[in-house]
Amino acid sequence: MAAVFTLCIAAGAKGKRQRAVARKVDTRVYLQHADLLSYDVYGSHPDAQFLKGKVSFMHKGMRLTCDSAYFYEATNSFEAYGHVRMQQGDTLTLTGDQGHYDGNDEMAHVWCEPGGSVTLTHRGSKLYCDTLDFDRMYGIADAYGAAGIKLTSKGDVLTADWGRHFIDTHHSEFFYNVILTNDKGLRIETDTLYYYDRQSLAHITGPSTITQKGSTVNTTDSYYNTATERSELFGRSTIRNGEREITADSLYHSDKTGMNEGYGNVVYDDLKNKNRLIGEYCQYNDNTGEGFATRKAVAMDYSQQDTLWIHGDTIRIHTIDIGTDSVQREVYCYNHVRAYRRDLQAVCDSLVFHSKDSCITLYRDPVVWAQGNQLLGEKMIVYMNDSTVRYAEVLGQALSVQQMRDTIHYNQVSSRDMRAYFVEGKLSETWAVSSVKSVYYLEDDADSTIIGLNYMETDTMKMYLTPEKKLYKIWVHAPEATMYPLTQTPPEKHFLPTYVWFDYMRPVSKDDIFVWRPKKQGTELKEQKRREPPRRSERLNK
């Protein structure tokens, strides 16, 4: 029984050895055909067989042909001359004028005569060069030459000083003076580029420029898909399209749709109109003019000497008649809106700007400061002229407050609605309409000291001021007024019932626009129900 068991083990071990031998790959280079074979033991190649005429070799699945060759059977290698061709299956072909092949290392070295070209065809890609080293073991082809190299793939054409192609992963690496072009007008210039044949994807590293369809991209790290015309840009890249420019830490751009999507300190510049959109996340479509910004979003206007900064939780841009001479823009800024310019500040819940008439509309408890003047109400409409305030209208629970030079007294006007006119950014005329109440301090012309207070109630009032903020004319309709010497003014007459000075909310710098300070509890505008005309059926029943 023990002998039978030992015999079985021996037979099994012998079978494994036989199978291992059968699985061993034959590494020898085989000569398949030649019209002429000869030896010359006293010639320049004493160890070689000289082959001529339709020479064909086979090595590990690759067929190698040429016009003539020196075959070194002892070293498992050969030198090939004339119409050198290496064919591996139906996916890879290498051609050249001369070559050397080492079967032990599976290395091929192929070159061409002056004016010729070495060509490596791998599936849908073709690589052209003067000299090529092909490592079959690792599937790597190194291409170089005095004239540089060129690769064509699915309509893309790449040129460089030298490069490397990887058979297994279907991608290539190009170095120095790299240029990628195609019939869609794309041009990429860089020093290092990785190209993935299957996806038509180019990975660009180092200072690079991408141009297509009127847009120019400056980047140091990006991916560009030549099939979908979509790019992914990193390392603080910039896209410029005409007079529009967008910069971000990370950018995603589509040449087909014109969509730009940016992350991280995004800056969109309209260089023609001199305005800017900033945010941690932004979108802008070059074709439609639609834009969106959030996360520390800021809209800037720097067309004048002083820059206007507007912040909100979200900012949207809508463009009308884009690409025409009558192009118009609408900017929507909403939730926690704060604006700052040296001569103008504002706070509100939401804001809309129309470029057609340079009109800014502020909604929900807006407050506007122009130097020492404060305007507030339920809704405010401001018209600009060359980025300075030209006209402002306050609708609903309007209040105008002017801080005096001594900073402790305030001229005040309250009414249902109010209008304010400005000349060169300075308040020159105010109109108050319906339920008007006013507190106005009189000053001595000699030394500008306050000598009295005028309290007035009327239906309509117009006030005209000098550039020095002094009242020089007033028009009222059927007023009820009382003049008090300053020392005899009742304390309750110094302030109107609706008086509030919101100086603590006022933005004091461009950085302060990000700090939201709401109105103190109890100082918000009270909702007022508007009187509605009775319906027709109600009038008939009376």
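The values are calculated or read from the model by the stated rules, or taken from the named source; none is laboratory data. Computed from a predicted structure; not experimentally measured. Neighbour counts are summed over all protein chains in view; Cβ atoms, including those assigned to glycine, are modelled from backbone coordinates with ideal geometry. With ligands, DNA and RNA removed, areas are computed over all heavy atoms of the protein, side chains included. Shrake-Rupley method; radii C 1.70, N 1.55, O 1.52, S 1.80 Å.
Here's the yes/no breakdown for (1) of a type in the set (A, V, I, L, M, F, W, C); (2) modelled with pLDDT of 90 or more; (3) under 17 Å from ARG28 (Cβ atoms); (4) open to solvent by 60 Å² or more (accessible area, probe 1.4 Å):
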site: ARG63; (1), (2), (3), (4): no, yes, yes, yes
site: TYR72; (1), (2), (3), (4): no, yes, yes, no
site: SER77; (1), (2), (3), (4): no, yes, yes, no
site: HIS83; (1), (2), (3), (4): no, yes, no, yes
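Please go through region 319-353 and give me each residue that is closer than 14 Å to ASN275 by Cβ and either within 25 Å of the chain's Cα centre (by Cα) or free of Cβ contacts under 8 Å to residues at least 24 places away in the same chain (or both), ordered by number.
Across region 319-353, the qualifying residues are THR319, VAL327, GLN328, ARG329, GLU330, VAL331, CYS333, ALA339, PHE353.
Within region 74-92, track down each residue that is over 19 Å from ASP105 (Cα atoms) and small (Gly, Ala, Ser).
Answer for region 74-92, where residues must be over 19 Å from ASP105 (Cα atoms) and small (Gly, Ala, Ser): GLY82, GLY89.
If I ask for residues that are buried (at least 19 other Cβ atoms within 10 Å of the Cβ) and either among the hydroxyl-bearing types (Ser, Thr, Tyr) or more than 20 Å from ILE210 (Cα to Cα) (or both), which ones from region 252-269 would you list?
Taking region 252-269 first, the residues buried (at least 19 other Cβ atoms within 10 Å of the Cβ) are 253, 255, 260-262, 266, 268-269.
Hit for region 252-269 is TYR268, nothing else.
In region 106-117, how many are among the small types (Gly, Ala, Ser), open to solvent by 40 Å² or more (accessible area, probe 1.4 Å) and either free of Cβ contacts under 8 Å to residues at least 12 places away in the same chain or outside any loop (DSSP other than H, G, I, E, B) (or both)?
1
Kindly indicate which of VAL110, VAL118 is within 16 Å of VAL55 (Cβ to Cβ) and either within 46 Å of the chain's Cα centre (by Cα) or modelled with pLDDT of 95 or more (or both).
Of VAL110, VAL118, the one residue that is within 16 Å of VAL55 (Cβ to Cβ) and either within 46 Å of the chain's Cα centre (by Cα) or modelled with pLDDT of 95 or more (or both) is VAL110.
What's the total number of residues in region 93-105 that are open to solvent by 20 Å² or more (accessible area, probe 1.4 Å) and either assigned to a loop (DSSP other than H, G, I, E, B) or touching a helix residue (DSSP H, G or I) at 6+ places or on another chain (Cβ under 9 Å) (or both)?
Looking only at that region, the number is 2.
Taking THR430 as the residue in question, decide whether it is open to solvent by less than 30 Å² (accessible area, probe 1.4 Å) and in contact with a Pro (Cβ under 9 Å, 6 or more places away or on another chain).
Answer is no for this residue.
VAL423 passes all but one of (1) touching a residue at least 40 places away in the same chain (Cβ under 8 Å); (2) crowded, with 16+ Cβ neighbours inside 10 Å; which number fails?
Here VAL423 clears every test but (2).
Do the conditions hold for THR498, that is, is it in contact (Cβ under 8 Å) with a residue 12 or more places away in the chain and open to solvent by less than 50 Å² (accessible area, probe 1.4 Å)?
no
Pick out the one residue from ALA248, ALA227, ALA293 that is assigned to a loop (DSSP other than H, G, I, E, B), in contact (Cβ under 8 Å) with a residue 24 or more places away in the chain, among the small types (Gly, Ala, Ser) and on the phi < 0 side of the Ramachandran plot.
Sole residue among the options that is assigned to a loop (DSSP other than H, G, I, E, B), in contact (Cβ under 8 Å) with a residue 24 or more places away in the chain, among the small types (Gly, Ala, Ser) and on the phi < 0 side of the Ramachandran plot: ALA227.
Mind listing just one residue for me: the one in region 137-167 that is out of contact with any strand residue (DSSP E or B) (no Cβ under 7 Å at 6 or more places or on another chain) and either open to solvent by less than 40 Å² (accessible area, probe 1.4 Å) or modelled with pLDDT of 90 or more (or both) and, of those, farthest from MET107 (Cα to Cα)?
TYR138
Can you tell me which residue within region 302-328, out of those that are open to solvent by 40 Å² or more (accessible area, probe 1.4 Å) and outside any loop (DSSP other than H, G, I, E, B), is farthest from VAL508 (Cα to Cα)?
ILE320
Being open to solvent by 10 Å² or more (accessible area, probe 1.4 Å), touching a Leu at 6+ places or on another chain (Cβ under 9 Å), under 29 Å from ARG85 (Cβ atoms) and not in a loop (DSSP other than H, G, I, E, B), is that true of even one residue in region 194-211?
Among the residues of region 194-211, at least one is open to solvent by 10 Å² or more (accessible area, probe 1.4 Å), touching a Leu at 6+ places or on another chain (Cβ under 9 Å), under 29 Å from ARG85 (Cβ atoms) and not in a loop (DSSP other than H, G, I, E, B), which makes the answer yes.
Suppose we keep only residues that are part of a strand (DSSP E or B) and open to solvent by 20 Å² or more (accessible area, probe 1.4 Å) within region 329-343. Which one would you say is modelled with the lowest pLDDT? Please lay out each step first, then the result.
The first filter runs over region 329-343 and keeps only residues part of a strand (DSSP E or B), leaving 329-341.
Cutting the leftovers down to open to solvent by 20 Å² or more (accessible area, probe 1.4 Å) gives us 329-332, 334-336, 340.
Working: ARG329: 81, GLU330: 86, VAL331: 88, TYR332: 91, TYR334: 90, ASN335: 88, HIS336: 91, TYR340: 91.
Filtering first and then ranking leaves ARG329.
What single numbered condition from (1) open to solvent by less than 100 Å² (accessible area, probe 1.4 Å); (2) at pLDDT below 75 fails to hold for LYS542?
Every listed condition holds for LYS542 apart from (1).
How many of the residues in region 443-465 are part of a strand (DSSP E or B) and without any contact (Cβ under 8 Å) to a residue 24 or more places away in the chain?
Qualifying residue count for the region: 1.
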